[in-house]
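Only one structure is covered here, and it is reproduced in the block below.
The values are calculated or read from the model by the stated rules, or taken from the named source; none is laboratory data. Keep in mind the model is a prediction, meaning the values are calculated, not measured. The protein model used for the area step is the full one, side chains on, heavy atoms only, and it has no ligands, DNA or RNA in it. Shrake-Rupley method; radii C 1.70, N 1.55, O 1.52, S 1.80 Å.
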Amino acid sequence: MTVTTTFTRWACRHFDVVEINTLLGRNLPDLEALAVAQVQRHFAAIGEADERWVGDGMHRIEGEETEICPFCAQDHANSPRIEHYRAYFSEG
(Lines give C-alpha, C1' and ligand atoms only; values in the text may rest on other atoms or scores of the structure.)
Protein backbone atom coordinates (compact mmCIF):
# COMPACT_ATOMS: atom_id res chain seq x y z
CA MET A 1 0.00 0.00 0.00
CA THR A 2 1.41 3.33 -1.07
CA VAL A 3 0.30 6.51 0.71
CA THR A 4 0.99 9.83 -0.93
CA THR A 5 0.65 12.98 1.15
CA THR A 6 0.33 16.32 -0.53
CA PHE A 7 1.46 19.37 1.38
CA THR A 8 0.14 22.80 0.65
CA ARG A 9 2.90 25.15 -0.29
CA TRP A 10 3.10 28.40 1.66
CA ALA A 11 5.55 31.22 1.78
CA CYS A 12 7.04 32.61 4.92
CA ARG A 13 6.35 36.31 5.34
CA HIS A 14 9.32 38.54 4.65
CA PHE A 15 10.69 40.25 7.73
CA ASP A 16 12.65 43.47 7.44
CA VAL A 17 15.56 42.46 9.64
CA VAL A 18 17.19 45.90 9.44
CA GLU A 19 13.98 47.59 10.64
CA ILE A 20 13.54 45.04 13.42
CA ASN A 21 17.12 45.56 14.60
CA THR A 22 16.62 49.34 14.49
CA LEU A 23 13.49 49.04 16.60
CA LEU A 24 15.14 46.71 19.10
CA GLY A 25 18.12 49.07 19.35
CA ARG A 26 15.98 51.93 20.66
CA ASN A 27 16.09 52.79 24.32
CA LEU A 28 13.80 54.78 26.58
CA PRO A 29 15.57 58.14 26.08
CA ASP A 30 15.33 57.67 22.29
CA LEU A 31 11.61 56.91 22.51
CA GLU A 32 11.01 59.87 24.85
CA ALA A 33 12.85 62.18 22.43
CA LEU A 34 10.72 60.84 19.58
CA ALA A 35 7.51 61.51 21.55
CA VAL A 36 8.64 65.05 22.41
CA ALA A 37 9.47 65.71 18.75
CA GLN A 38 6.01 64.49 17.68
CA VAL A 39 4.31 66.71 20.28
CA GLN A 40 6.36 69.73 19.23
CA ARG A 41 5.52 69.12 15.53
CA HIS A 42 1.85 69.04 16.46
CA PHE A 43 2.22 72.26 18.45
CA ALA A 44 3.83 73.92 15.44
CA ALA A 45 0.90 72.84 13.26
CA ILE A 46 -1.64 74.28 15.70
CA GLY A 47 -0.13 77.73 15.65
CA GLU A 48 -0.14 80.58 18.11
CA ALA A 49 -0.46 79.77 21.85
CA ASP A 50 -0.20 76.08 20.92
CA GLU A 51 1.48 74.62 23.99
CA ARG A 52 -0.56 76.68 26.42
CA TRP A 53 -3.82 75.71 24.69
CA VAL A 54 -3.03 71.97 24.72
CA GLY A 55 -1.71 72.18 28.30
CA ASP A 56 -4.96 73.80 29.42
CA GLY A 57 -6.90 71.03 27.71
CA MET A 58 -4.78 68.37 29.41
CA HIS A 59 -5.57 69.86 32.81
CA ARG A 60 -9.26 69.60 31.95
CA ILE A 61 -9.12 65.89 31.11
CA GLU A 62 -6.77 64.77 33.91
CA GLY A 63 -8.67 63.06 36.68
CA GLU A 64 -11.77 62.62 34.54
CA GLU A 65 -13.55 59.33 35.08
CA THR A 66 -14.46 59.14 31.42
CA GLU A 67 -12.09 58.78 28.48
CA ILE A 68 -14.26 61.01 26.29
CA CYS A 69 -12.73 64.32 25.25
CA PRO A 70 -14.77 67.26 26.60
CA PHE A 71 -13.93 69.26 23.45
CA CYS A 72 -14.51 66.89 20.52
CA ALA A 73 -16.47 64.09 22.26
CA GLN A 74 -14.10 61.45 20.86
CA ASP A 75 -12.74 58.54 22.87
CA HIS A 76 -9.11 59.21 23.78
CA ALA A 77 -8.52 56.08 25.86
CA ASN A 78 -6.11 54.57 23.34
CA SER A 79 -4.86 57.75 21.71
CA PRO A 80 -1.06 57.77 21.33
CA ARG A 81 -1.19 61.57 21.01
CA ILE A 82 -2.89 61.93 24.41
CA GLU A 83 -0.29 59.61 25.94
CA HIS A 84 2.49 61.74 24.42
CA TYR A 85 0.82 64.86 25.83
CA ARG A 86 0.53 63.26 29.26
CA ALA A 87 4.22 62.42 29.23
CA TYR A 88 5.16 65.86 27.89
CA PHE A 89 3.19 67.81 30.49
CA SER A 90 4.06 65.54 33.43
CA GLU A 91 7.72 66.62 33.33
CA GLY A 92 7.24 69.90 35.14
Residues meeting the amide H criterion for S79 (H placed from the backbone, H to H distance under 5 Å, 5 or more places apart or on another chain) are none
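Could you state the accessible area per residue of the chain in Å², with a 1.4 Å probe and every protein chain left in place? The partial results should precede the final answer.
Values: 8080 Å² over 92 residues.
Spelled out: the 1.4 Å probe surface of the chain, per residue, equals 88 Å².
On a 1.4 Å probe surface of the protein chains, which of S79, S90 comes out largest in accessible area, and what is the full order? Could you put the intermediate results ahead of the total?
Details: S79 30, S90 90 Å².
Listed by decreasing accessible area, they come as S90, S79.
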Using alpha carbon positions and the Kirkwood radius, the Rg to Rh ratio of the chain is 1.32
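At 1.4 Å probe size, put C72, C12 in order of accessible surface, largest to smallest.
Values: C72 75, C12 100 Å².
Putting C72, C12 in descending order of accessible area: C12, C72.
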Which of A73, A37, A11 fluctuates most in a GNM of the chain (C-alpha springs under 10 Å)? That residue is A11
